[in-house]
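The values are calculated or read from the model by the stated rules, or taken from the named source; none is laboratory data. Keep in mind it's a predicted model, so treat the numbers as computed, not measured. Cβ: placed from backbone, ideal geometry, glycine included. Neighbour counts: every protein chain shown.
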Protein chains: 2
Amino acid sequence: MTSKQEFIEKLRNSSLRPTKQRINICEVLFNRDKTFHFTINDLFNLIKDKTGEKVSLATVYNTVHAFHKKGYLKEIPINSNQTYFDTNVTDHHHFFDVKEEKLIDLKNEDVGPIEIQKSIPGKKIKSVEVLVKLED
Amino acid sequence: MTSKQEFIEKLRNSSLRPTKQRINICEVLFNRDKTFHFTINDLFNLIKDKTGEKVSLATVYNTVHAFHKKGYLKEIPINSNQTYFDTNVTDHHHFFDVKEEKLIDLKNEDVGPIEIQKSIPGKKIKSVEVLVKLED
DNA sequence: ACAAGAAATTAGAATAATTATAATATTAAA
DNA sequence: TTTAATATTATAATTATTCTAATTTCTTGT
Ligand SMILES: [Mn+2]
Ligand SMILES: [Mn+2]
Ligand SMILES: [Zn+2]
Ligand SMILES: [Zn+2]
């Protein structure tokens with residue numbers, strides 16, 4: 001159980017003003033036990049459900065991207081018409097259940113270390129992501 | 001150098017009628033030495049450039065998805081506003097140069113075998129894709 | 001506490017990728 | 001050659017995302 005005060009500090013520490021909307025979004029995103037995979041639309045609906053307060057869609061987009069930029073959210077590449085985000089910002093991989101449209105975390109030991117043997121001059125590796133698609 | 005006749009047979013073999021438009025699209029997609037990574041928009045413009053004939057955007061979408069369904073094209077998951085496709089339909093991985101917005105093939109030996117140690121009951125693995133993002 | 005400026009929120013408009021529609025044209029088969 | 005099935009096309013519709021500009025809320029200095 002994380003307190004509202006902690007969210008306010010977290011926001012302050014990253015020079016994001018602790019507004020009511022951002023705190024509500026924090027509640028939905030970070031006040032939970034397990035990692036959370038979501039689309040903007042999931043989040044938008046959950047805010048109403050869980051906090052009882054409405055936040056505009058534009059603010060949800062703005063806040064998610066602000067959090068993403070600050071490193072509080074990870075973006076997961078999937079072939080979907082909607083962008084997926086993840087509250088687990090550590091380097092990790094995913095299952096994607098194509099039918100359920102659900103992401104599932106893979107522990108790094110479930111995949112093993114990945115060593116990229118090729119390099120491109122003048123470029124460095126920013127991230128290595130494994131996506132395992134699941135079907136029935 | 002692949003001939004038009006081969007494309008016609010290829011289309012017939014997959015119960016796709018060999019129309020002028022589809023043959024032109026085949027020319028652009030498959031009449032080349034190296035694998036080809038593209039967006040619908042790339043392809044749409046190349047058709048005009050390379051064949052001199054215009055194909056409607058709707059037909060490009062339809063044909064790309066028909067080819068994808070038939071297994072002649074692979075879809076590459078990237079966080080981009082445009083969907084990427086690949087004429088190399090074998091199981092392989094990618095660099096994505098974020099600045100240039102270009103995909104580069106990785107050979108399987110550049111990545112090594114990936115063994116997924118976790119399984120989800122009732123689900124089986126459909127694909128395993130590694131995406132390595134590159135920055136300057 | 002108050003004022004002033006900076007930053008955030010919002011509804012709604014704009015944009016852009018993709019998909020759907022429905023009329024016309026082409027292809028395949030009898 | 002007739003006919004039915006399928007494909008193409010222009011255009012409209014849809015959808016995710018971003019932009020805009022007015023309003024509200026925060027922060028900071030007084
Ligand atoms: Mn995750
Ligand atoms: Mn490729
Ligand atoms: Zn983002
Ligand atoms: Zn497709």
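A few comments on the model shown:
- Here A:ASN45 clears all of (1) away from ligand 3 (no atom under 16 Å from the Cβ); (2) within 14 Å of chain B (Cβ to nearest Cβ); (3) over 28 Å from A:ASN13 (Cβ atoms); (4) of a type outside the set (Phe, Trp, Tyr) except the condition numbered (2).
- The number of residues in the stretch A:99-124 that are closer than 15 Å to A:PRO77 by Cβ and within 7 Å of chain B (Cβ to nearest Cβ) comes to 1.
- Counting only residues that are on the phi > 0 side of the Ramachandran plot and of a type in the set (D, E, K, R), the stretch B:65-112 holds 1 of them.
- Against the conditions (1) more than 16 Å from DNA strand C (Cβ to nearest atom); (2) at pLDDT below 95, A:THR87 satisfies every one except (2).
- Residues of the stretch B:70-91 satisfying the condition of being of a type in the set (Ser, Thr, Tyr) and under 16 Å from A:ASN79 (Cα atoms): B:SER80, B:THR83, B:TYR84
- Restricting the stretch A:80-98 to residues that are within 12 Å of chain B (Cβ to nearest Cβ) and farther than 19 Å from B:ILE116 by Cβ leaves a set whose member that is nearest to the chain's Cα centre (by Cα) is A:PHE85.
- A:GLU129 within 12 Å of ligand 1 (Cβ to nearest atom), under 22 Å from B:ASN81 (Cα atoms), part of a strand (DSSP E or B) and assigned by TED's automatic domain parsing to the domain that holds A:LYS10: no
- Of the criteria (1) surrounded by 13 or more Cβ atoms within 10 Å (Cβ to Cβ); (2) free of Cβ contacts under 8 Å to residues at least 40 places away in the same chain; (3) away from chain B (no Cβ under 11 Å); (4) in a helix (DSSP H, G or I), which one A:GLN21 fails: (2)
- Remark: B:PHE67 matches the filter, which requires a residue to be over 30 Å from A:GLU109 (Cβ atoms) and touching a residue at least 12 places away in the same chain (Cβ under 8 Å).
- Residue match in the stretch A:96-104 (condition: surrounded by 13 or more Cβ atoms within 10 Å (Cβ to Cβ) and under 17 Å from B:LYS133 (Cα atoms)): no
- Qualifying residue in the stretch A:56-73 (condition: away from chain B (no Cβ under 14 Å), modelled with pLDDT under 95 and either within 16 Å of DNA strand C (Cβ to nearest atom) or exposed (fewer than 15 other Cβ atoms within 10 Å of the Cβ) (or both)): no
- Test: A:VAL28 is within 16 Å of DNA strand C (Cβ to nearest atom) and within 14 Å of chain B (Cβ to nearest Cβ): no
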